[in-house]
1. Restricting the range 13-48 to residues that are part of a loop (DSSP other than H, G, I, E, B) and modelled with pLDDT of 80 or more, which is farthest from E79 (Cα to Cα)?
2. Name the residues in the range 9-59 that are closer than 23 Å to L90 by Cα and among the polar types (S, T, N, Q), would you?
3. Among what's in the range 10-46 and is surrounded by 14 or more Cβ atoms within 10 Å (Cβ to Cβ) and of a type in the set (S, T, N, Q), pick the residue that is farthest from N84 (Cα to Cα).
4. Scan the range 71-89 for residues that are surrounded by 11 or more Cβ atoms within 10 Å (Cβ to Cβ) and either touching a residue at least 60 places away in the same chain (Cβ under 8 Å) or acidic (D, E) (or both) and report the count.
Amino acid sequence: AGTACVSGKKTSLAAFSEKCRKADIPIYFGSLKNPDGDIYESTSRLLDSGIMPLYNISPYALYAKAIIAHNQTQSVPSEIMQANIADEVLPPK
C-alpha cells in the first residue's frame, strides 16, 4: 500500500530509517505504484527520512536485486537499485 508506521520516536520505520541514513545504510521502499500519484502522509514522511523508493517492482525482484547490487563492486548499489536492468520494473498503469 506504500505506507507504514511513522509515529513513535523509537519504534517507527521513519526513526529506524533516520538511524540507518546516519550510518550510511540504505533502506529501499517498494513497491510504490505510481511516482506521480497521490501518496499517504506517512509515505511522504518515510521518503523524507531517507528511504529510497522503488516503483512497480515485486518484493521478490526487489530482494534479488538488492542481493546482487550489494554483493558486487563494479557499480554503485543505489544506481543498480534504481535502474531497470532486466524488465523487472513494470511500467506504471
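The values are calculated or read from the model by the stated rules, or taken from the named source; none is laboratory data. Note that the structure is a prediction, hence the values are computed from the model and not measured. Methodologically, a virtual Cβ is constructed for each residue, glycine included, from the backbone with ideal geometry; neighbour enumeration extends over all protein chains shown.
1. Restricting attention to the range 13-48, the residues satisfying the condition of being part of a loop (DSSP other than H, G, I, E, B) are 23-27, 33-40.
Imposing the further condition that a residue be modelled with pLDDT of 80 or more reduces the set to 23-27.
Details: A23: 19, D24: 15, I25: 15, P26: 12, I27: 14 Å.
The extreme case among them is A23.
2. Step one: list which residues in the range 9-59 are closer than 23 Å to L90 by Cα, which gives 26-40, 43-44, 46-47, 51-59.
S31, N34, T43, S44, N56, S58, listed by residue number.
3. My answer is S12.
4. So the count comes out to 1.
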